[in-house]
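Inspection log for the structure reproduced underneath, given as structure tokens.
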Amino acid sequence: MVREVSGETLQAYPVWDATTRWFHWINVLCVLLLAGIGVVILNAGALGVSSDGKVTLKTIHAWTGYVFALNLCWRFVWGFFGNRYARWGAALPFGGAWFRELKLYLRSLRSGDAPHYRGHNPLGRLMVGLLFLLLSAQMITGLVLAGTDLYLPPFGHEFAEWATGAGEDHSKLVGLKPGEKELLDPEGYAAMRELRTPFITVHKWSFFALMALIPIHIAAVVVGEIRERSGLISAMFTGAKVFPRKPRD
């Protein structure tokens, strides 16, 4: 589709398929909810949250995390089957071709004549790679912590066996609830919590890194929208960008 804006002819190009757009907005909602609940959990003592209230918050956090994890896993699969711009070859910062594109893009930024890209520009691909790395760390460690804290799938049953010393005697698991310590085997529970420690450390620090990267990502999108006038933001709703000249990719 061609249209004219302020005397400039713009050509619309389809970019993001529906699956990619759905992933993006479901991910945004999940991350916002997970971050909000996570901050309350981290400050539960200062906020006066009771033990039962903390368990409830962790449960909501975990079930939101399942939606987040399923959505993220589907995006990983779609990276092999989606359209050209949804595929990992166009989204992640790998290979000599990307490095050459990055050098060209940085030089063109300094000259004030950066090329347009239908998909992610080279800096955008770097940001996407970092975000997916941190999101993956959150997903993996979160699934482990859901098992150690709440005995939820996919690892909760095994952690419950370990914490109670039940082994094959599953009758010992009856009545075991998050936060209860009456049915726990002190040695097994201590060992399980020791295993948990590095996972919670990674979960916490990847969360802080993610909270630092997200504002940078949003700022870069806004700056790119203002500079390029390509419909960068609206493309995540409509699927199409507009350019005054043919994009480099």
Placed amide H near residue 241: partners under 5 Å, 5+ positions off or other chain: 13, 15
Under 17 Å from the Cα of residue 177, which lysines turn up, not counting those fewer than eight places away in the same chain? 54, 58
Descending packing, highest mean Cβ count within 10 Å first, for 93-104, 63-74, 117-128 is 117-128, 63-74, 93-104
Per the Kirkwood treatment, what hydrodynamic radius in Å, one decimal, follows for region 132-249 from the mean inverse distance over all distinct Cα pairs? 17.7 Å
Point-charge dipole on Cβ atoms (K/R +1, D/E -1) for the chain, about Cα centre, debye to 20: 1500 debye
Under the rule of at least 5 residues apart or a separate chain, name every residue whose amide H is placed under 5 Å from the amide H of residue 155. 147
Relative to the chain, whose Cα atoms define the longest principal axis, helix 186-228 and its Cα axis are tilted in degrees, nearest 10, by 20 degrees
Sparse-neighbourhood loop hits (GluC sites (Glu not before Pro), region 117-213; DSSP loop; Cβ within 10 Å at most 12 others) -> 168, 180, 182
Under the Karplus curve 6.51 cos²θ - 1.76 cosθ + 1.60, θ = phi - 60°, whole-Hz ³J(HN,Hα) for region 70-79, x wherever Gly or Pro sits: 4, 5, 5, 5, 5, 5, 4, 5, 5, x
Can you give the log10 of the normalised intensity I(q)/I(0) at q = 0.16 Å⁻¹, computed with Debye over equal Cα scatterers of region 25-228? -1.07
So for 111, 230, 136, fewest C-beta neighbours within 10 Å to most, what's the order? 111, 136, 230
Work out the charge dipole of region 25-228 with +1 on the Cβ of Lys and Arg and -1 on the Cβ of Asp and Glu about the Cα centre, then indicate which of 121, 140, 206 is farthest towards its positive end. 121
Report, to the nearest 10°, how far helix 122-150 tilts away from the longest principal axis of the Cα atoms in the chain, using its own Cα long axis and a range of 0 to 90°. 10 degrees
Region 179-249: trypsin sites (Lys or Arg not before Pro) in DSSP loop, at most 12 other beta carbons within 10 Å: 181, 245
Roughly how large, in nm² to one decimal, is the mean projection of the convex hull of the alpha-carbon atoms in region 176-236? 6.7 nm²
Which angle between 0 and 90 degrees, to the nearest 10, do you get for helix 18-42 versus the longest principal axis of the chain when only C-alpha atoms count? 40 degrees
Have a look at 70, 51, 153 and report the one farthest towards the positive end of the charge dipole of region 25-228, computed about the Cα centre with Cβ charges (Lys/Arg +1, Asp/Glu -1). 70
Restricting everything to alpha-carbon atoms, can you work out Rg to Rh for region 1-90 with a Kirkwood hydrodynamic radius? 1.24
What pairs in 181/204; 204/246; 103/241 have C-alpha atoms more than 32 Å from each other? 204/246
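Read-outs: derived from the displayed coordinates by stated rules, not from any lab. Just so we're clear, the structure is a prediction, and the values are computed from it rather than from any experiment. In this analysis, Cβ positions are derived from the backbone assuming ideal geometry, glycine residues included, and neighbour counts consider all displayed protein chains.
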